[in-house]
Every structure is written in structure tokens, then in C-alpha cells.
Amino acid sequence: MPPPISGTDRSAGGVLPEIDLPDRLRRALVLVEQLRADGIHFAPIRHHSPACSVALRAQLTDLAPAVILIEGPEEYTHLLPQLIDPGTVPPVAVLSHHREPGGRTTTGFYPLAEFSPEWVALRSGAAGGAEVAFIDLPWASASRRVDQDAESRSIQQERHLAHSTTLQALARLEHCRDHDELWDHLFELRTPAELRNWRRVFGDVFVWSALARSDYELPVLRGEGSIARESLMAARIAEHRQRSDGPVVVVTGAFHTLALIEALAGSDLGAVVREAAPQGGHPPAPVDAGSSWLIRYDFRRLDALGGYSAGMPSPGWYHRVWAGLSGTADPADPADPTVEMLVDIAHHTSRAGTSEVLGVADVSAAAAHAWRLAELRGHPAPGRTDVLDAVTSCFVKDDAGPSPALREALEAGFTGLGQGSVPAGTPAPPIIADTRRRAEDLRLNLTDSDTRHTSLDLRRNPRHRRRSRFLTAMSFLGTGFARRTAGPDLVGGTGLGLLYEEWDYAWTPMTEAELLDLAEEGSTVDEIALSRLRGLELAVDTTAARRSANHAVQVLIQAAVMGLSEHSAGLAELVRTHLQEDPSLASVISAGRRLVGLRQARDQLDLGEAAWIDDLLTRVEPVVAYLLSTLGEGSVEDDEETVDALLAVRRLDGDLAVLLRPGQERPTGSPITRELLRLRASPNAAIAGALTGLAVVDGSGTEEDLGAGLSAQLRTGADVERAVRYLTGFMKATPDLLLHSPELLSVVHRALITLPAEQFLGYLPELRRAFTWLKPRETARLAEQVTALGGIDARSDDLNVRHHELTAADLERGRRLELSLRESLAEDGLADWTGT
Amino acid sequence: MVSTDEIRRPAEDRFAAELTSLADADGRAGNDRPPGWLLSPRAVRAFVLGDAELGVSRKFYGDDPLVDRAIVSLLGRQGLMLVGEPGTAKSMLSELLAAAVSGDTGLTIQGTAGTTEDHIRYSWNYALLLAEGPSDRSLVPSPLHQALVGGKIVRFEEITRCAPEIQDNLVSILSDKQLMIPEFGPNARVPARPGFNIIATANLRDRGVNEMSAALKRRFNFETVRPITDHAFEVELVSGQLTEELGERGEEVEVPREVIRLLVTAFQELRSGVTAGGTPVKSPETVMSTAEAVNVAFAAALEARYLGNGVVSAAEIARQISGVALKDNPEDARRLRFYVDNIVRERARTDPLWKDFFRAAADLWH
């Protein structure tokens, strides 16, 4: 438990009060002096803190060190020439890759902003001619990845929680809402003059972090890897001390400073760290940068980071503050970051095109509000939360919080839209070069960034097939490199009959940027695609209630079209499971259809024999048959869907027969055919009608049978609803039959004519709909045939409707109505309207 | 004999000692006071949020930055508008700020659908008006008028319950910081003295409230007062309020802390729609505010005192929740039953306190 800090004296502006230090800290402060006499100076910092940067710059100017050591993986020392290159403009980051023994890649980012103390250290060191080196464990070091058991992980969680609870309590005492605001309150919001008093600043930061550190239990420190890292850092500091004359400045996160001090000064409390050195001492520093590269970065990603690289929130705000603090601002026109930020937010919100417009009055009110809040809270100038509070009070006019436009403006302002840059020719992560080489090997034209077109003959050209797989993978990953404009889409299940695949592609700086973003997921395109597929696989909902054969098949096909066919074979198991349990006929039919497409494209995907596809197809049949038996419990509204399903099943059955039992003329004997036969006698009239019609088309039934069936269904005294449904089903499934068979037509005609008038009118809508499945020309022909049957001449007036029930009285009434209407219009001066 | 005791004395009386002590501290430290204010802004903040050294109690929980922003708003040209759900202590905060800044919480316009212009501007003693014509004697000043003249804070409670045309009376008064009185002759006006400002409260989503015009909204800084989410705070608050309400009767009944904690837990879970463990529960439509929780506790205490054994148990809480917390919506009864059946039943297995609650609730609703 840190000693209680009684209310701080705000009038002096954000200075830590005199507190009672625990013994350990008091001794540490003595050790600091000891080390200082030996020429080792510490700069305990918070990552990305402008206040620490100002203090550090002052310290470096005063001490003029010969050596500057920075907390960061050792191999980054080899990237120094790039880091100090004037063409490198923050925000930038060093990206590190490490492939674990299991094949998985882990990635780390070491970001640097203009206001990061580490950046100041690098640049000052370069300017002052000091030797600069990174001294932390290499990214690939196994000691970074400690195996933890459940117990030690749980202690770790408790410790972190307790630490954050303490900070919360402190924050509450100071009327701050969280520990970031507390830090601002106590450290960031000191005046530039106070910040240049680096001894005071670093002293306070040291005490602040050491108090926290002293609470951490040893197993937790080990489990986090802190001990191992501090052990190396201490050793390196000692080595540099031996090798060089002149002051050595050590820039590390303040959490580590206490441990380093105790280890280096030979204190018994530092024994743990010293003894953590491996047998035979630490290995020598890496000889090259290994798998690490300098890349440009942006504020948005900086803000979103957590863990190791995390620092202060809202980099956009601190970027503005830094201009004033670092003295790079024009002294004749010192910009007020508060006013600038508020003006930018107001402009951004007003430009969004909503009715919310923030003008000069609002901005001045908010600025005044921010300054008064700062005064109330004892800040020399408005801090981040003072400005945010001013926005809340002055720009928001109801209880729903900031509007979307304002929210966006806040993000743009506080997170910041800044992007850094690295000089041309900086070595880039291999994914860019590897991908480009692969594209060139496939003879794609990348000489410039113009869009090019390629037409791929998948059936006959093996290289085209390889190209197709590469382009599909690039498109799947969203690199924006390639876009398919035409051709078969096996995943979507469309265009399967097309022979050529058409693609547009272009290698632009955007492509490189997208690949760079992907770099954190893997080092080659195929690796990343595989990892995404695994993600998709997991995302396919595996709860029993949501098994979907269709989704599973889509993932499988996606793997196949990208050339990841070994993975496809593995996914077959997933599909099998889903097939077993998928309750939806539509989903299984879709899955079946896609699998048929896949089987037909087996050669063009270079899948070889792929017995697993045939196996899946064989499994589809019985499942469809089983699910078919659930059809028939529908109401009138479902009829359309049901008949569609029947048609799809029939098609699928045909395809499956061709693939699985080639050589047979007609699909007989399959489980699906048997089920369809059984369904012909279904109590659901629509199904019966559809299947009877289909039977005629297939040749397994005769027209006489169909005619007899129709007569039976449509005779007088029959259930009209049933009859109509039968007719509808039949017309949807096989509309042409009626057109081409005069006997059938006369049967239907006779049945409809003899329907009682009331019932006819009642079922007119459904009857109408039954006939909409015909094409317009067919409808016209049918109409001609019907009128012929009825003995009516279509061109005569027989089809005009005549009313014979009007009487003379009606005429009289009509005349009187017209007269009064004319008079009324004339009164209103609208006589022209009557046309007389 | 009619008692002259009041049920509830104004804040400046109840906390007179604290206000004096804060004013003295201001004097000793030489703090600047804004014109018309009785205390410095920091002292006002200390009055609301507490200051252990000066013996000032904390009166508002859960959102310190809100209080900062409110104080700063009052320093400026905008008015302060406190919005939020019922029972979130908007009126209480308004009262505290008025007491600290102006020492007078009595300049209050109580907004209703029947509020007229006269309540906001001024009206007349008609007998005197007829006898003397318009004069200072015949004019009956509204609280707003008095605040302008005296350089004090005027409080306008439930402003959105007034008709929009009535609300808009404020628009030009607040921009010009003066009130025109044409009856007194040409250019007769009442200018605002330093220290004048307005604190309005509104519930923007209730039935029976009107829209505020955009012109009026622009004259105010809006601050949303949210329900308390910190469990410990709310327990503190409920205990404190309960003690105050019980007054002398507090001696006669014992309210164990765990029972209050159970009450606050139930309220927070029903309010937020999710339990501490992450299980979703159905949130009743009626607002489960802290004020309601205090009412439940108070009713439970009374039940224990007069109908029980003098110690409040979870059973009394269960019985009173249905009466106090559920208003007219029958759906809410079902939602509460869901909570009892699923969450409370589970807890009742291991925790004797929840078991008492469950048994009493089960009796009521099954």
C-alpha cells in the first residue's frame, strides 16, 4: 500500500508534495547518488510523454553524455542509421516478427512519435555525437515468452488489479476520473520552466513508479518477464560503463528504474536481477537487425495500442502541445493548442453537413470554459481533459452525448490523423518484396502503377491457373491489388459455366501499404490467407442449432480457389459435421450445388483426384433425401418456396447422378429420386401438383396421368383451396406443359369454368399468380388458345364489359349531378374547367 | 397548536456552519471571489464534493468533473442546464450550487404545464395597480426578477414542463441580461447585477415534457447527470440519506449495512439490465433511481419499526420494492419476477441474506 498522499498543493501547479518515503526508496535515492558519481545517470520516463521528453532534452543538454542507452530490443541498434535519417519523420514504428517453433508468427510494434522520450534520446544523441544503443532483450528471445502456470497468472492479474485500484483511489482523491488524467494533473501540466528542472521531474517520476514497483510480487515480475529483461539491461549498462569515458544516460520506462539501480549499485535487493543472468553470462548482442524493419506509422494505430507499447492516450492532442513545449513554435505567434483544437473540432463538425454548426461564439465560449476549468483545477494551462470537458459543456446540447459528427471530429482532433514517413530505399518487411516477386514470376506486368487486364483460361493453361489463385488470394485479403471483373465464382456459386476469368490489377503504393498492414498477420500472402481462413472456420458457428453446411462449404471452396488445397482437405471434416446436423434443406441444397461446382472445377483448381470431394457429394444425397421428407408441412405462403426447393433438388439430383454414377441415362434409384416419388402422393397439394408435372417432363409419368390428376383435383365438389394449390404448384414447376398440351389445357379450362362464381372470385389472386410463371409471349399464346377454346373472338367486342342494369332514373340523377357541378365550378370562376 | 417546524429546511440553513467555515477559509487564503459570489469557485467545489480538513461533508457522488464543469458554467455567460433521468439528484445539485454561490436557494421557479409569463417575469398586485398605477410597490417580482436585482442564482426546475412559448421568455432575458418593464415607461429595465445566473433542470424524455427551442438551448451549457454506477458510493449515499430521513426515529430501528448493499445491488442490476456476473436481466421501465432506493429503504425501516422486530432484513426490502419501485406498468411486475426467479433464486442457495429476499418475494408473486 503506497503511503497516503494528503491533498496536494495546487497553487504551485502540479508538484508532488513531500511524502514519507518507505525505507527502500530512501535507500534507492542514496544509491542513485552513488551511481551518479560513477557517471551513470537515469532518466525514468513514461512512454510517449511530452513532459518527460522536455525533461530529458534538458538533461541531455546539461550532461552532454557520451553514451545514451534506451529501453528497446537490442537488435534495433542496427536500425539507428535509418532512425536518425532526416527523411524519417514520426510517427514511425519498428516492426518485429518472430516465428515460433509451432509455425505461428508473433509481431511487435515499437512506435515512436515526435514527442516520445525515446525519439528525443535518439535524435539528441545523434546531434550531440553520443553513442546510442538499445539494451533490452531481443524480440525473438525466449525469455520474453515465459511459460506461466495458472496460479502465477492469477497472482499477476490480482497485482495489476490492485495497482489499478490504488491509482483509482489516488485519482479520486485528486478529483480525477482516471489515472491518465491523474498523470496529466501531476506531471504533464507543469510549466515548461518547471519541466526543464529535470532533476525534480525525474525525481518525482521515479518516486511515482517506484512506489508502484515496490508492491509487485516477485512471481509476478518474473512471470511478466521483467526480471529477465532488467537482468540484461543492467549487464549492458555495466558493459558500456566499462568501455566508455564520459557520462552514460539510461532512458527506460520508470517501472524498471528502481530494479536497475539496485542491481547496478550492488545492493542486496538487486540480487534477484543480477542472479537472473544465464549460466555463462548473457549472450553477445545480435549482429544485425534480424527480423525487424522501420515502417511508417499513424496516430490512430498508436492510440489503439495496449500493453508494452502503450503510452499516453490521444496522441493528436500531445502532438499539438509538443509544438509549444519543445520550442519549435514561432515565438512571435505562440499558438494556443486549446484554441486550435477547439477551432479544428468546430470546423470538422460543421463540415459534416448536418444541422449542427459550431461558430465563433461557441468556440470562444468553449475556450473560456477550458481556461476557467484549468484555473479551478490548478493547472497552468488547459490539459486534455479540460478541453474535453469544455467540449462536453459547450458543444453538446442535449442528454445524448456528442452527436456522431462531433464524435468523429473529436477523434480526428484528439487521436489525430498524422502519418509519418520513412526515406525511400528503407528496407521493408519481406512480405512486400516476396509478394512482388511472386507476381513477377507469374508474368504479371508491374512496370508501373497503371491498371492492367488479364484474361485467364482456367481449363487449359496451368500458369493461368496459378495466376488465378494468386489474384484470388490478394483479393480475398483486401489488398486492393486485383479485382475480378468476370468469370466463374465458385464461392458464390455463380457463372460456373464461363470459360474465362477476367481480372484487373495494379501495383500501387496503396498495395504496398495494405501489405504492410497485413505484415502483422504473417510473412507471406499464403500464410496470412491461411490464418484468415482458420478465423473463418472458427467463425462458422459451431453450435448445434446453427450448423450450416452452406457456410462450411463456402470456407472450403475459398481455400481451394486460393490454391490452399491441403487445407481444403482438412476442411472436408468440418463440412461433414455440418452436413450431418444442418436442419435446413435450403442450406444443404446450396452446399450441394457448390460442391458440384467444385467437383466440376476439380481440374482447373489442380486438386488432383480429390476423393474427398466425391465423398462429400455421396454424403449429400442421403441428407437431402432425409430433409425432403420434412417438406410438406407448409401453408399456402410457403408453397412458392417449397416448389423452388423441389426444382433445386431435382437439378441437384441430376448433377449428382452425372458425377457419381456416370453412364446412367436417367437418374433412377438414388435416395433423392425415391423420396421425390414418395412425395408425389404428399397431402400438400402444391407438392403433388409440381411433382406430377415434373414427372411428365422427366418422362416417368404420362400426360394422361397428369390430366387425370388435374381433373380429379379440379372437379366440382373438390376442395377448392386444394385444387388451386395443386394448380399453382403445377404451373410453377412446369408452366410450359399447359402451352404444349391441348388436352391438359381443355381439362383445366373445363374445371375453371365450372367453379362456382363466388369461389372463383375468392381464389382469383392465387389463380392469377399461378399464371405469372409464364413469359409474356407465352401468356399471349395461352390467352389465344383459351379464347379459342371458349369460342370467343379475341379481337371482337365480346371481351368488352357492358353494364345493362342502368335505368332512366340513374340517367336523370347523373344529369342533375353534372348540372350542379358545372354551376359550382362557374361560381368559383373555374368555368374553363368544364371545357364548354 | 400548529407546529412551525419545517419538513425540509433550505440548504443554506442546514449547512450554514459549513458555508461559514468555507468563507472563512477563503478569507484566510485571500482567494479571489467572482463578483456577486459568496465563495470562491474552489470553495464552492469543496462544499459540494467535500473537504475533510475543513469538516465539509461530501454531498454529491459519482461525477466530480461534472461539478467542476457546472461551477465553471455558472462563472460564464451561459446558464447551466442539468438534464438526466429522474432521481439522479439534479435538483439537489442545483440547490447546493445556489446555496454556495448566492447563499439563497429560495429564488426558484417551479415549472409546470400551467406556468405563465407572470411566474417568470413579474406580475401585479392588482389592487395597488388600480390605486397607484404601475410602481415598485404594485409590481410583484418573480424569482427571476429578484435574482437579477440581487445578483443571485435563480433556479428553474422542470423547465421542459412549461409550454415552449413560456420557456422562450427566457431567450432574450438571458442574452441581454436584462428584463424590460414597459409598464414603467420608455427604456425601463432591470439590469442583471454581477452574480446573476440561472440553473435549470429538465427531464428530456418523460411524458408530458415539451421540446426546447434551439434558441433557448444555445443560452445554456448542458450537463447530463447520470445514475451512480459505483456500488460503494451508492451504498454510502443511500445510508446517508436514510439516516437523514429517519431523523430521530433512526434510534428505534437498526438497518444493517449488508441489507443496504443487497438493496443497492438489486437496484444497480435492474437498472443496468445486467448482473455483476454478466447475466442479462430484464430492466423495468420505471426508473430505478437512487432516490427510489432510498424510498424503499425508508419504507422498509418503517415496516421493521412498526410491524416487525426493529431490525431491517432483506424480507422487508423485498416487500417494499414491489410497492415503491413498480409504478403502473404490469410488464414491470413480470420483469421483476424474472429477476427473482433466475438471479435471486441462484443466490438464495448460498447466501442467507438473498434467501430471506427470495422467500419474501416468492410469497408476493407466486
Work from the charge dipole of the protein assembly as shown (Cβ charges, +1 for Lys and Arg, -1 for Asp and Glu, about the Cα centre) and give the residue of B:Val101, A:Leu499, A:Val207 farthest towards its positive end.
-> A:Leu499
How big is the charge dipole of the protein assembly as shown about its Cα centre, in debye rounded to the nearest 20, if each Lys and Arg gets +1 on its Cβ and each Asp and Glu gets -1 on its Cβ?
-> 1480 debye
Take every Cα-Cα distance within the range B:64-224, group them into 5 Å bins from 0 onward, and report for each bin the whole-number percent of pairs it holds.
-> 2, 9, 18, 22, 21, 14, 8, 4, 2, 1, 0
Please give the direction-averaged projected area of the C-alpha convex hull for the range B:19-91, in square nanometres with one decimal.
-> 5.5 nm²
For the range A:430-526, the spread of Cα positions along each principal axis, largest first, Å = 38, 27, 21
Would you mind checking the radius of gyration and Dmax of the range A:584-739 based on alpha-carbon positions, in Å?
-> 17.0, 62
Leaving out same-chain residues fewer than 8 places away, which lysines sit with a Cα under 25 Å from that of A:Lys732?
-> A:Lys775
Which whole number gives the average count of other chain Cβ atoms within 10 Å of the Cβ atoms across peptide B:202-214?
-> 1
Taking the DSSP beta bridges in chain A as the whole, what percent of them are antiparallel, to the nearest 5?
-> 65 percent
Full-extension gain in nm, A:Val89 to A:Tyr500, via 0.36 nm per residue minus C-alpha separation = 143.3 nm
Length-normalised contact order of the range B:82-172, Cα under 8 Å, at least 6 apart, in percent, tallies to 36 percent
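Tell me the relative contact order for chain A as a rounded percent, counting alpha carbon contacts under 8 Å between residues six or more apart.
Value for chain A: 10 percent.
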Value of Rg to Rh for the range B:292-351 (Rh from inverse mean 1/r over Cα pairs, i.e. Kirkwood) = 1.02
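When DSSP beta bridges are limited to those with both residues in the range B:64-224, what percentage is antiparallel, rounded to the nearest 5?
So the antiparallel bridges amount to about 25 percent of the total.
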Can you tell me how much longer the chain between A:Ala826 and A:Arg407 gets when fully stretched, taken as 0.36 nm per residue apart minus their C-alpha distance, in nm with one decimal?
-> 144.7 nm
Taking placed amide H atoms and a strict 5 Å upper bound, the residues 5 or more places from B:Ile153 or on another chain that come that close are B:Ser102, B:Asn197
Fraction of antiparallel bridges per DSSP, chain B only, in percent to nearest 5 = 30 percent
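When the convex hull of the Cα atoms of the range A:509-570 is projected onto a plane and the area is averaged over all directions, what value comes out in nm²?
That works out to 5.0 nm².
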Provide the descending list of Cα extents for the range B:156-312 along its principal axes, expressed in whole angstroms.
-> 71, 41, 27
Sparsely packed GluC sites (Glu not before Pro) within the range A:549-631, loop by DSSP, other Cβ within 10 Å at most 12 | A:Glu609
Efficiency by 1/(1 + (r/R0)^6): what FRET value for A:Asp344 and A:Leu173, r their Cβ-Cβ distance, R0 = 30 Å, to the nearest 0.05?
-> 0.35
Counting only residues 5 or more apart in sequence or on a different chain, those whose built amide H sits under 5 Å from that of A:Gly72 are A:Ile135, A:Asp136
Measure of size requested: the Rg and Dmax of the range A:682-795, with Cα atoms as the atom set and Å as the unit; please supply both.
-> 13.3, 43
One point scatterer per Cα, no solvent, Debye formula: log10 I(q)/I(0) for the range B:231-365 at q = 0.09, 0.15, 0.20 Å⁻¹ comes out as -0.23, -0.66, -1.21
Convex hull volume of the range B:150-215 per residue (C-alpha atoms, cubic angstrom) = 98 Å³
Of the GluC sites (Glu not before Pro) in the range B:1-34, those whose Cβ has at most 14 other Cβ within 10 Å and which sit in DSSP loop | B:Glu6
Average partner coverage of B:68-81, which counts Cβ from other chains inside 10 Å = 5
Interatomic Cα distance distribution for the range A:482-615, bins of 5 angstrom, percent = 2, 10, 18, 19, 19, 15, 10, 5, 2, 0
Value of Rg to Rh for chain B (Rh from inverse mean 1/r over Cα pairs, i.e. Kirkwood) = 1.03
Partner chain coverage, peptide A:365-372 - average Cβ within 10 angstrom | 4
What fraction, in whole percent, of alpha-carbon pairs in the range A:372-478 exceed 19 Å separation?
-> 69 percent
Answer check: the protein assembly as shown, Cα atoms, Kirkwood Rh, Rg/Rh ratio of 1.06
Taking only the alpha carbons of the range B:216-304, what extent do you get along each of the three principal axes, in Å, biggest first?
-> 51, 38, 22
Cross-link reach list, lysines versus B:Lys327, counting only Cα pairs under 30 Å and skipping chain neighbours closer than eight places | B:Lys59, B:Lys90, B:Lys282, B:Lys355
Nearest 20 debye, what's the magnitude of the dipole of chain B about its Cα centre given +1 on Lys and Arg Cβ and -1 on Asp and Glu Cβ?
-> 820 debye
What full-extension length gain, to one decimal in nm, is calculated for A:Asp20 and A:Ser455 as 0.36 nm per residue of separation minus the Cα-Cα distance?
-> 148.8 nm
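Can you list the equivalent-ellipsoid semi-axes of the range A:334-415, largest first and in whole Å, using the square root of 5 times each Cα gyration tensor eigenvalue?
They are 21, 13, 11 Å, listed from largest to smallest.
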Selection of trypsin sites (Lys or Arg not before Pro), the range B:1-71, meeting DSSP coil and at most 14 other Cβ within 10 Å | B:Arg8
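Only the coordinates and a few stated rules stand behind these numbers; no lab work does. Predicted, not measured: the structure shown is a model, and the values here were computed from it. Note: ideal-geometry Cβ built from the backbone for every residue, glycine included; neighbour counts use all protein chains shown.
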